[in-house]
Amino acid sequence: MSDREPAEATSTAPSARSASAFPSTREFEAFYREFTPKLVGFLIRQGARLTIAAEIAQETMLTAFRKWAEISNPHAWARRVASRALIRHLSRADAELCEEVPEPSALLASPGAAAEWEQQQDLLRLLADLPPRQRQIMAWKYDGHSPAEIAEELGISAETVRASLLKARRVLATRLAQREGGEER
């Protein structure tokens, strides 16, 4: 069974992993603890505010828990489900990037060093100006996925992914150059 579409996880077809492979919830608990902060960051890089990213990540993890035995690639499945939920949210509401240091959350480590936080905020400001699809593709790339993997997960061609990455990188490089040129004056 493919876990390509989240809705397919509810089908009665045999899953890639059987329920007997999970006699307890230990594997899911480990996945939840390790991956939830990464999923929140993934959503923030796509333009979600911290509170929305945390909420979507939590809802995604709840769904993953319910369908755990049917999911063959939990990391990709969770990114796909959360990304789609964010797109639905953004289409319903005006989302803004956070402008101030976020409050600590149980789903995220403490903001920590100011330099790291500032670097992340710079990245978010740059990504915010990209079209949603380019921002989405850049978030997948930032998380270490190849264009072929991104294409498979998003249901588009690898050429489209590479073209979007090229366009996004050009825009980001131009904006960085303009910003650096303006700071030197």
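Identify, by number, the condition in (1) modelled with pLDDT under 80; (2) surrounded by fewer than 14 Cβ atoms within 10 Å (Cβ to Cβ) that Gly155 doesn't meet.
Unmet condition: (1).
Select from region 112-127 the residues that are surrounded by 13 or more Cβ atoms within 10 Å (Cβ to Cβ) and either among the small types (Gly, Ala, Ser) or at pLDDT below 60 (or both) and list them in ascending order.
none
Return only the number of the condition from (1) in a helix (DSSP H, G or I); (2) modelled with pLDDT of 90 or more that Glu180 does not satisfy.
(2) is the only condition that Glu180 fails.
The values are calculated or read from the model by the stated rules, or taken from the named source; none is laboratory data. Computed from a prediction, not measured in an experiment: that's the story for all the values here. Here the Cβ is made from the backbone with ideal geometry for all residues, glycine too, and neighbour counts use every protein chain on show.
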